[in-house]
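Here the structure comes first, spelled out in structure tokens, and everything after it is commentary.
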There are 2 protein chains.
Amino acid sequence: MVDHFKHPIFPKLIKWAALSCLIGVLAGAASAAFLLALDAVTHWRGQYRWLIWLLPVAGLLVAWMYRRYDAGSDAGINLLINETRTPANTIPLRMAPLVLFGTLTSHLFGASVGREGTAVQMGGALSDQLSKLFKVSNHTRTLIITAGMAAGFASVFGTPIAGAIWGIEVVALTGMAASALLPCLLSAVIAHFVTLGLGAHHMHYAAGAMPALGAMPLLLVVVAGVAFGLAARAFCMAIHGFSALYKRWVANSLLRPVIGGMVIVLFAVTVNSADRYLGLGLPVLQAAFSGQVAPQDFLVKLVMTAWSIASGFKGGEVTPLFFVGATLGHVLAPLLQLPPPFLAAVGLAAVFAGASNTPLASTILAIELFGFDIAAYAACGCAISYLVSGRRGIYAAQRLLYPKLG
Amino acid sequence: MVDHFKHPIFPKLIKWAALSCLIGVLAGAASAAFLLALDAVTHWRGQYRWLIWLLPVAGLLVAWMYRRYDAGSDAGINLLINETRTPANTIPLRMAPLVLFGTLTSHLFGASVGREGTAVQMGGALSDQLSKLFKVSNHTRTLIITAGMAAGFASVFGTPIAGAIWGIEVVALTGMAASALLPCLLSAVIAHFVTLGLGAHHMHYAAGAMPALGAMPLLLVVVAGVAFGLAARAFCMAIHGFSALYKRWVANSLLRPVIGGMVIVLFAVTVNSADRYLGLGLPVLQAAFSGQVAPQDFLVKLVMTAWSIASGFKGGEVTPLFFVGATLGHVLAPLLQLPPPFLAAVGLAAVFAGASNTPLASTILAIELFGFDIAAYAACGCAISYLVSGRRGIYAAQRLLYPKLG
């Protein structure tokens, strides 16, 4: 729990909820104004063909404006990327009107240019004014600029999740990740089809009807995400706690599964319907989507699995984590007035995301299992769960190089 | 072109195609055997309830097997992660049978455990034997182990893309990326809805019917991906080349857009239907999905945009890159016997991925624009394009910390 006190995550969550709202409103409003104006100038260019003759003059005007009012902002997106890496000065606010004017002029008179640069620069420059206003740390400032760029990209193309990943990818330089993409992807796709071809099959779960994307259901998923993250945290703490107990009291590791096994036998023969919690638990997992589950299911499975793993039994943690997340989501759903199968689907991904520190992969897993409509909900639930679950995931060798939030 | 000769990418592509096939077959076959056996033991446990009494003995047996035959493989996934970071010894092959036996025994007698650990360890351990066999470099070995883990995860859950990202995320420690996920995502979603709420709208493109996922269409997309990557490379080289020309011959940067603008005017008044290539070019982009485009469209737009940007006009490169990718995909489609709107969709994402070095974000962009069915094709096209496009993207400040492929 120490890291929780040293780096309290809840105030950070509130801080980022507020900052993200401000960034989103700034970047979104700028993109809207830009897109509407761009429609107009593109329309005019089609209507008044003689405008093209003025392109050289228009270019001169834009260049002169930049020379006159520029403070390094001619570097555009490169200035933003550099500032996230070696922070020096606040991005000049004038970057936003300069690039807006420059772009509209370029389009009105017929240059062949795009629009993402404009939206991204406006998003980054406007957001960075918040860094100055709130006097934030360098790490927070990096995240603010990245989020502003992401918000600009997202709103100019109408692709929010791609925008978010784009911001991360273009700034955080995931060179290693990118170079692993092709080997991992090819191997994964081939392995998948080999497995299917050899006659193995996978269970299908249906998340059912999902709420239309909006602020209210997203907020409710954020609340549930905190619960999912705490469940992931409890799971990791239970595994590490049971392991520590064993190390302290049972020196001979051969005896650990014997003792562990006896406790499970005792549980199985005394508790009614203990069968629910043995093995993978697929029937209960299934029931979380198309039936009923008990309120204590998630907790019993969590403890049983942590105990089995710590005792030395083999297999891994993920399907039991799916069980924990889906049953927890199912029982939380009525409290949050969300459909149980839907929140079971989000919980399945989010508890896994928190326990294994893989919010991105868990989001995509949810999309693959339940369809693309779950994307934004799964991403929110997984990101929150990842943040709340603490630094110590189920893979001890994993090293997190950065704090989980700025 | 220097880096192209120093680090030739095509032999690497062929190497990784072969390695990925081997890894995929090894991991996929292991997962299939495991899943089928797991079904059987789970069935037996339900049938013979008395098996639970033997759990302590079974645990002892598993622990003894590990003590007797182990070579560090009890560390499981942690051993794999550590080996990718500080390579020391080949993962012992016996990790695979040990964890398989241990898991099946754990499940047969009723421990509450999962299955991903088993599939991931088998995938990693089997794949790493290829590293020994082919005596590869450490960087290649890291990628082989990561791909093996990804393939194991993908095939045990039937989620190939999530498996690929999971391997990357769990090994490559995208701490920075993960800590930026929530700020970027929240800001992006809010910005998106603010933009929509303020009355701006986005054009929709329909990728139409897509080929059923399979080896042949994937291979064709890989071939097209090379073309998309070369287009991205040509675009970046054209921008950098035109910029260098300007720097050398036009010292006063105010004059550059004047000269640039005059060339565009000349082009516009002499070339028939030059209007297609001015501004964003949305009508032609639209036509790539629901009409006809000309074979030269992609090339003219590529040159016009590079020239406009290098001359100092503002706006960015992405929508023109969409234009280049979609029209190139449209005209390549008949040659590869793929539906033109489908390959236009892949090209839209892939040329962008190559030029901006963001294969992951581009894949998600394709999913958001065209639906989830395009996921595997877009991921392949974007990854290939990223690999072929060279080190120098449109954002000069971006630094790639790793070679693009091992």
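The values are calculated or read from the model by the stated rules, or taken from the named source; none is laboratory data. Since we're looking at a predicted model, the values are computed, not measured. FYI the Cβ positions are ideal-geometry reconstructions off the backbone, even for glycines, and counts take in every protein chain you see. Keep in mind that these areas ignore ligands, DNA and RNA; they rest on the heavy atoms of the full protein, side chains included. Shrake-Rupley method; radii C 1.70, N 1.55, O 1.52, S 1.80 Å.
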Quiz item: In degrees from 0 to 90, rounded to the nearest 10, what is the angle of the helix B:359-370 Cα long axis to the longest principal axis of chain B?
Solution: 80
Quiz item: Looking down the axis that turns B into A, which residue of B has the closest beta carbon, and how many Å out?
Solution: B:Phe372, 2
Quiz prompt | Highest-MSF residue in chain B out of B:Val136, B:Val194, B:Val99 [GNM, Cα springs under 10 Å] | solution = B:Val194
Quiz item: Ordered by residue, what ³J(HN,Hα) values in Hz, to whole numbers, does the range A:272-281 give under the Karplus form 6.51 cos²θ - 1.76 cosθ + 1.60, where θ = phi - 60° and Gly and Pro are x?
Solution: 5, 6, 5, 3, 3, 9, 8, x, 5, x
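Filter the trypsin sites (Lys or Arg not before Pro) in the range B:244-310 to those in DSSP coil with at most 14 other Cβ atoms within 10 Å of their Cβ, and list the result. Working shown, then result.
Working: sites: B:Lys247, B:Arg248, B:Arg276, B:Lys301; in loops: none.
Loop-located and lightly packed - none at all.
Quick one: net charge of B:Ala345's neighbours, Cβ under 13 Å, K/R +1, D/E -1? Can you show the working numbers first?
Working: positive: none; negative: B:Glu368, B:Asp373.
Here the charged neighbours net out to -2.
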Quiz item: Taking N as the number of residues in the range A:215-388, what value does Rg over Cα atoms divided by 2.2 N^0.38 Å take?
Solution: 1.04
Quiz prompt | Extended-chain gain in nm, criterion 0.36 nm per residue less alpha-carbon gap, A:Ala17 and A:Tyr48 | solution = 6.6 nm
Practice problem: Put one equal scatterer on each alpha carbon of the range B:2-197, apply the Debye formula with no solvent term, and list log10 I(q)/I(0) at q = 0.09, 0.13 1/Å to two decimals. | Solution: -0.44, -0.78
Quiz item: If the label for A:Ser290 sits 7 angstrom from Cα along the Cα-to-Cβ line, what are its distances to the same label in every other copy, in nm to one decimal, shortest first?
Solution: 3.7
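What is the percent carbon and sulfur in the accessible area of chain A, measuring with a 1.4 Å probe over the protein chains and ignoring ligands? Numbers along the way, then the final one.
Numbers: 9790 of 14410 Å².
Carbon plus sulfur share of accessible area: 68 percent.
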Quiz item: Once the Cα atoms of helix A:138-157 and of chain A are each reduced to a long axis, what angle between those two axes, in degrees from 0 to 90 to the nearest 10, is obtained?
Solution: 70
Self-check item: Which listed pairs, of B:Lys12/B:Lys135; A:Lys12/A:Lys135; B:Lys15/B:Lys132; B:Lys12/B:Lys301, have C-alpha distances above 23 Å, in listed order
Solution: B:Lys12/B:Lys301
Self-check item: Of B:Val189, B:Val120, B:Val156, the one that fluctuates the most in a GNM where chain B has Cα springs shorter than 10 Å
Solution: B:Val189
Quiz item: In terms of solvent-accessible area of protein heavy atoms at a 1.4 angstrom probe, what is the ranking of A:Met210, B:Met216, A:Met203, highest value first?
Solution: B:Met216, A:Met203, A:Met210
Self-check item: Rg to Rh quotient for the protein assembly as shown, alpha carbon positions, Kirkwood Rh
Solution: 1.00
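Subtracting the Cα-Cα distance from 0.36 nm times the residue separation, let me have the gained length for B:Ser137 to B:Asn272 in nm, one decimal. Intermediate values should be presented prior to the final figure.
Numbers: separation 135, 0.36 × 135 = 48.60 nm, distance 5.44 nm.
Taking B:Ser137 through B:Asn272 to full extension adds about 43.2 nm, to one decimal.
With r defined as the distance between the Cβ atoms of A:Val57 and B:Val250 and R0 fixed at 22 Å, what FRET efficiency is calculated, to the nearest 0.05? Kindly include the intermediate steps, with their values, before the conclusion.
Details: r = 17 Å, r/R0 = 0.76.
Calculated value: 0.85.
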Quiz item: For label points placed 7 Å from Cα toward Cβ, what is the shortest-first list of nm distances from A:Pro97 to its copies?
Solution: 7.6
Self-check item: Of A:Val223, A:Val265, A:Val351, the one that fluctuates the most in a GNM where chain A has Cα springs shorter than 10 Å
Solution: A:Val265
Quiz item: To one decimal in nm, how far is A:Ser273 from the same spot in the other copies, if labels go 7 Å from Cα toward Cβ? Please give the shortest first.
Solution: 6.9
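Tell me, rounded to the nearest percent, the portion of alpha carbon pairs in chain B spaced more than 32 Å apart.
Numbers: 38647 of 82215 pairs.
Cα-Cα pairs of chain B separated by over 32 Å account for 47 percent.
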Quiz prompt | In degrees, nearest ten, helix B:375-388 long axis to first principal axis of chain B (Cα) | solution = 70
Practice problem: Calculate one ³J(HN,Hα) per residue across the range B:343-351 by plugging θ = phi - 60° into the Karplus curve 6.51 cos²θ - 1.76 cosθ + 1.60, and present them in order as whole Hz with x for glycine and proline. | Solution: 6, 4, 5, 5, x, 3, 6, 6, 5
